[in-house]
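No value in this document is a laboratory result; all are computed from the given coordinates. Keep in mind the model is a prediction, meaning the values are calculated, not measured. Counting neighbours? That spans all protein chains shown, and the Cβs are built from the backbone with ideal geometry, glycine included.
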Amino acid sequence: MKKILAYSHHLLEEVVRQGDTVMDATCGNGNDTFFLSQLVKEDGNVFAFDIQEKALENTSTLLSKNNIQNVKLIHDGHENCEKYIPTNDELAGAIFNLGYLPKGDHQIITTPQNTIRAIQSILTRLRPNGRIVIVVYHGHMGGKEEKEKVLDFCGNLDQSYYQVLQYQFINQINHPPFIIAIEKLC
Ligand SMILES: C[S@@+](CC[C@H](N)C(=O)[O-])C[C@H]1O[C@@H](n2cnc3c(N)ncnc32)[C@H](O)[C@@H]1O
């Protein structure tokens, strides 16, 4: 069985193609941004968001080291993503890693309102068969509330338009992360 991070990437590899437009909603240290940039290749586009200067710096450093040029780094919240992605660009995929920046300030965390607002915006721009992958970290302060609200929102999406998956190891201790994935039906 694939571990959580490997499975989150696998879910996107199945639907994202060269030349596509994709979004990293929480770029953090840039690992998912880098992964997405390689998936869509030089002629694709990655929009990567974070509210922390430090996260954008870390991501920028990783991308420069690897000579990656197809990423637009955006210093703003993912809840405002519709301002930045051109209206005629359909998204093939998007990824969130909820929680705080690893090795960063544990008080700066994703919030249920902003996460749900961003998911709603992305759903309007997602192409048929496109996917939103949400890696839910929930052991920190505020994490339980976000987990419950995001699960509730995603679990109530209309099954005529979306299928929603939860991928989780149920015998691990200490609040292990899990995945919620939303696929837009045709
Ligand atoms: C778990 S980390 C992301 C880890 C990242 N995917 C990586 O590979 O390193 C969560 C990130 O979400 C960011 N964040 C919090 N609220 C946000 C918002 N409204 N919009 C965009 N990013 C946000 C935090 O600053 C933090 O860097």
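Observations, loosely collected:
- Protection proxy ranking of 6-15, 157-166 - average other beta-carbon atoms within 10 Å, highest first: 6-15, 157-166
- Shape of the chain, Cα gyration tensor, a/c cut at 1.5: rounded
- Distant-in-sequence amide H partners of MET23 (H built 1.01 Å from N, under 5 Å): PHE47, GLY93, ALA94, ILE95
- Rounded, prolate or oblate (a/c below 1.5 giving rounded, otherwise prolate when a/b exceeds b/c) for the range 45-142 by Cα gyration tensor: oblate
- Per-residue HN-Hα couplings for the range 42-56 [Karplus 6.51, -1.76, 1.60; θ = phi - 60°; Hz; x = Gly/Pro]: 4, 8, x, 9, 10, 9, 10, 10, 7, 8, 9, 3, 4, 5, 5
- Listed by chain and number, the aspartates and glutamates whose alpha-carbon sits under 15 Å from that of LYS184, ignoring those within fewer than 8 places in the same chain, are GLU14, GLU90, ASP158.
- Here the range 41-102 is assigned +1 on the Cβ of each Lys and Arg and -1 on the Cβ of each Asp and Glu. Its dipole about the Cα centre then comes out at about 220 debye.
- Residue-averaged [θ]222 nm for the chain, counting only DSSP H segments that reach four residues, each worth -39500 (n - 2.57): -10000 deg cm²/dmol
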